[in-house]
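The values are calculated or read from the model by the stated rules, or taken from the named source; none is laboratory data. Remember, predicted model here, so these are calculated numbers, not experimental data. Here the Cβ positions follow ideal geometry from the backbone for every residue, glycine too, while neighbour counts run over all protein chains shown. Heavy atoms of the whole protein, side chains included, go into the accessibility calculation; ligands, DNA and RNA do not. Shrake-Rupley method; radii C 1.70, N 1.55, O 1.52, S 1.80 Å.
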Amino acid sequence: MAHKILTVDDSRTIRMIVKNAFKPYECELFEAENGRDGLALTAQVKPDLIILDITMPVMTGIEMLGKLMQDNELKATKVIMLTAESGRDNVMNIVKMGVKDYIVKPFKGEQLIDRVKLILKDLKERIDLASGQIEGESGEVFTVAGDIVIFSLPAKITGNKA
């Protein structure tokens, strides 16, 4: 089953970076250019993940996130915030609101995919398979111990898996 991913950003360039990052993977991508349209689209398509900018016209990402968290049907939706502001207070505020992660702009598509793999486990597995990821002896590349994500290298690397 393809994941539904919604990117909400007033920058066409950012939406294109997100779209290109997910192009090789089995995902349905949706776009909105402000929080109001993003909220409406969220209610309509019920995405698995929202990649949400903070600073936008009409309705900011913070306002949209607040409305998401008030909606019993939508509040479980996973959100990664995009921000040009990396100040500790801003980051703490968005984390307290319930986001799963945040990315500071500018960013690269690979960075986004790495973050998404930590949030959507079955998408991580498809991404690893699509990119020829080599697994460790236990079969897991990423494991979680409490709040720590552990990346395990295999004991022997012989080349890409076919």
Subject >> Selection within the stretch 20-33 - at pLDDT 90 or above and among the charged types (D, E, K, R) >> reply: 31, 33
Subject >> Test: residue in the stretch 69-89 that is at pLDDT 85 or above and in a helix (DSSP H, G or I) >> reply: yes
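Would you say residue 23 is surrounded by fewer than 22 Cβ atoms within 10 Å (Cβ to Cβ), within 24 Å of residue 110 (Cβ to Cβ) and of a type in the set (Lys, Arg)? Even if it seems obvious, please write down each step before you answer.
Working: surrounded by fewer than 22 Cβ atoms within 10 Å (Cβ to Cβ): yes; within 24 Å of residue 110 (Cβ to Cβ): yes; of a type in the set (Lys, Arg): yes.
Considered against the rule, which asks whether it is surrounded by fewer than 22 Cβ atoms within 10 Å (Cβ to Cβ), within 24 Å of residue 110 (Cβ to Cβ) and of a type in the set (Lys, Arg), residue 23 comes out as yes.
Suppose we keep only residues that are assigned to a helix (DSSP H, G or I) and open to solvent by 20 Å² or more (accessible area, probe 1.4 Å) within the stretch 56-65. Which one would you say is nearest to residue 22 (Cα to Cα)?
Residues of the stretch 56-65 that are assigned to a helix (DSSP H, G or I), as a first pass: 61-65.
Still in the running and open to solvent by 20 Å² or more (accessible area, probe 1.4 Å): 62-63.
Numbers: 62: 24, 63: 26 Å.
Only one residue fits best here, namely 62.
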Original post:
Of the numbered conditions (1) touching a strand residue (DSSP E or B) at 6+ places or on another chain (Cβ under 9 Å); (2) more than 20 Å from residue 112 (Cα to Cα), residue 36 satisfies every one except a single condition; which is it?
Top reply: (1)
Subject >> Sole exception among (1) charged (D, E, K, R); (2) modelled with pLDDT under 90; (3) open to solvent by 60 Å² or more (accessible area, probe 1.4 Å) for residue 53, by number >> reply: (3)
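How about the stretch 39-52: which of its residues are assigned to a helix (DSSP H, G or I), touching a strand residue (DSSP E or B) at 6+ places or on another chain (Cβ under 7 Å) and within 12 Å of residue 68 (Cα to Cα)? Quick ask: steps written out before the conclusion?
So the first thing to find is which residues in the stretch 39-52 are assigned to a helix (DSSP H, G or I), and the list is 39-45.
Filter again for touching a strand residue (DSSP E or B) at 6+ places or on another chain (Cβ under 7 Å), leaving 41-42, 45.
Result: 41, 42.
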Original post:
Would the stretch 136-144 turn up any residue that is at pLDDT 70 or above and out of contact with any Ser or Thr (no Cβ under 7 Å at 6 or more places or on another chain)?
Top reply: no
